[in-house]
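Engineer: Dropping the structure in here first, questions after.
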Amino acid sequence: MTTHVTLPSPAGDPSPTDGLSTPVDGVDVVGALSPSRVGDFLACPLLYRFRTIDHLPEPPSPDAVRGTVVHKVLEDLFDLPAAERTPDQAASMLEPAWAALQEVEPDLTAMFGEGGGEITSWLASCRAALDQYFRLEDPRYLEPAERELYVETLTDTGLLLRGFVDRLDIAADGSIRVVDYKSGRAPGEGWEGKALFQLKFYGLVIWRMRGVIPTRLQLMYLGSGEILSYDPDEDDLLATERKVEAVWRAIATARDSGDWRPRRSALCAWCAHQAVCPEFGGTPPPLPEQVTPAD
Ligand code: SF4
C-alpha cells in the first residue's frame, strides 16, 4: 500500500516543501526534518518549538527576502540561452523578480519605510549580490542538471529528511556537485562547520536517492564573494545521518517532556520571539494539545 504523507511546516517560516508529499510504502514516518529545522533546534530548542509546534508568525526580513529574490534570478538565469547569461541580463531580471514576489506577498513592502529610499538601497544590495555571483563563476559555461530541486529520503528509523537544493551540476563522468547560494557573507572562523552541515545533509539525501555520493558540496556566499566547498566521503555522510537521528531523538525527548529550553546566544538578536521568551521576560503560549513537530 502506498501512503502519502504531507507534513506541515511552521507558519512563521513557510517551508517550500509545503504541499509536497512523499510515497512511503508501508513505513511509519515518525517525523520530518530539514537542515533549517535541525539548525533551529541546535541553536535553541525553544525557537524550534515556536516555529514548528506553535507555528508563531515571523515578520519578513529584508535579508531573507533578498535571498529569495536573488535565488529566483539565479534560477531563472539558466532558462536563458548560455550566451545571454550576463551580469546586465541578471540585473534586468531583478526588479521583475521583486515585483512578482510582491504580487504573491503584497505585505512585503511594509518591511521598508515610507518614501522608497530603503527599497532603493535594498535593491542595490540585491544587485551587489548578483555582481558577486558573476565574480565567482561564469554561468555561460554551465548547464545545471537541476535547479531548486526538492529532495527527500526516509531513514531506516522512519525519519523523513527533505529540503530544496539550489543547484545540482552533473559532470560527463557522472560526478555530482551540490551548489547552494547564500546571499549573506561567509561565516567567520569556527562557524564553517555549521554552514557545511546543511550541505552534508543534502549530500546524504542525494546519496540515498541516487546511490552516488556527491563529489563536491559548495556554498557560494554572494555577500562576500567567497566559496566554501567540501568533498564528502561515505564516513562524513554516515556521521551526518547519525547526527540528524540524534537531533530527532532530542526533539522527541523535548516533545514528550514538554521541556523546550531557551538557549540564549548572539542569534537572539535576530529572533522574532523575544516577547514570549523567558530569557527576555516573556511567557511562551500554552503548548497545543497535539504536539507533532515537523519541518
Ligand atoms: S530569543 Fe533567543 S533564547 Fe529566546 S527563543 Fe529566541 S533564540 Fe531562543
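Throughout, read-outs are computed from the coordinates displayed, never taken from laboratory work. Values in this document were obtained by computation on a predicted structure and should not be read as measured data. Neighbour counts are summed over all protein chains in view; Cβ atoms, including those assigned to glycine, are modelled from backbone coordinates with ideal geometry.
Engineer: Can you give the helix-only mean residue ellipticity at 222 nm for the chain, where every DSSP H stretch with n ≥ 4 adds -39500 (n - 2.57) and the sum goes over all residues, rounded to the nearest 500 deg cm²/dmol? All intermediate terms of the calculation are to be shown ahead of the outcome.
Structural biologist: Values: 7 runs with 114 residues, N = 295.
Result for the chain: -13000 deg cm²/dmol, rounded to the nearest 500.
Engineer: Going by how many other beta carbons lie within 10 Å of each one, how would you line up R49, R140, fewest first? Before the final figure, lay out each step's value.
Structural biologist: Numbers: R49 27, R140 13.
In increasing order of surrounding Cβ atoms, one gets R140, R49.
Engineer: By per-residue mean of other Cβ atoms within 10 Å, what is the highest-first order of 30-40, 222-232?
Structural biologist: Working: 30-40: 21.2, 222-232: 16.7.
Per-residue Cβ counts within 10 Å, averaged per peptide and sorted highest first, yield 30-40, 222-232.
Engineer: Run the numbers for E148 and R135: contour at 0.36 nm per residue of separation, minus the present Cα-Cα distance, in nm.
Structural biologist: Details: separation 13, 0.36 × 13 = 4.68 nm, distance 2.18 nm.
Going from the current span to full extension adds 2.5 nm.
Engineer: Can you give me the long-range amide H partners of H55? Hydrogens built in the peptide plane at 1.01 Å from N, cutoff under 5 Å, separation of 5 or more residues or another chain.
Structural biologist: Close amide H contacts, sequence-distant or interchain: A11.
Engineer: Taking the Cα centre of the stretch 60-275 as origin, work out the dipole magnitude from +1 charges on Lys and Arg Cβ and -1 charges on Asp and Glu Cβ, in debye rounded to 20.
Structural biologist: Numbers: 24 positive and 36 negative charges, 144 e Å.
The calculation lands at about 700 debye.
Engineer: Just to check I understand the Karplus step: with θ = phi - 60° and J = 6.51 cos²θ - 1.76 cosθ + 1.60, what whole-Hz values come out for the stretch 192-204, glycine and proline as x?
Structural biologist: With the stated coefficients, the stretch 192-204 comes to 5, x, 5, 5, 6, 4, 4, 5, 5, 4, 5, x, 4 Hz.
Engineer: Counting other beta carbons within 10 Å of each residue's own, what order do Y141, Y48 fall into, fewest first?
Structural biologist: Values: Y141 8, Y48 24.
If I rank by nearby Cβ atoms, fewest first, I get Y141, Y48.
Engineer: Next question, about the same structure. With θ set to phi - 60° and the Karplus curve 6.51 cos²θ - 1.76 cosθ + 1.60, what are the ³J(HN,Hα) couplings of the stretch 51-64 in order, to the nearest whole Hz, using x for Gly and Pro?
Structural biologist: Here the 3J(HN,Hα) series is 7, 9, 10, 7, 6, 5, x, 10, x, x, 10, x, 5, 5 Hz.
Engineer: Check G163: other-chain or 5+ apart residues with amide H under 5 Å from its amide H, H built from backbone geometry?
Structural biologist: Hits under the 5 Å cutoff: V151.
Engineer: Would you work out if the stretch 180-268 is rounded, prolate or oblate? Take a ≥ b ≥ c from the square roots of the eigenvalues of the alpha-carbon gyration tensor; rounded if a/c is under 1.5, else prolate when a/b is larger than b/c, oblate otherwise.
Structural biologist: Working: a/c = 2.72, a/b = 1.20, b/c = 2.26.
Since a/c reaches 1.5 but b/c is at least a/b, the shape of the stretch 180-268 is classed as oblate.
Engineer: When M220, M209, M111 are ordered from fewest to most other Cβ atoms inside 10 Å of their Cβ, what list results? Could the numbers behind the result be given before it?
Structural biologist: Values: M220 22, M209 12, M111 16.
Sorted ascending by nearby Cβ count, the order is M209, M111, M220.
Engineer: Another question about this same structure. Using the Cα atoms of the chain, I'd like the radius of gyration and the largest Cα-Cα distance, Dmax, both in angstrom.
Structural biologist: That works out to 19.8, 58 Å for Rg and Dmax.
Engineer: In addition: Extending each Cα 7 Å along its Cβ direction at S92 and E279, get the distance between those two points in nm, one decimal.
Structural biologist: Here the modelled spin labels are 4.7 nm apart.
Engineer: Calculated FRET efficiency, T157 and D233, Cβ-Cβ r, R0 25 Å, to nearest 0.05?
Structural biologist: 0.65
Engineer: Tell me the relative contact order for the stretch 60-275 as a rounded percent, counting alpha carbon contacts under 8 Å between residues six or more apart. Each step should come with its number before you reach the end.
Structural biologist: Working: 273 pairs, mean separation 35.4, N = 216.
That works out to 16 percent.
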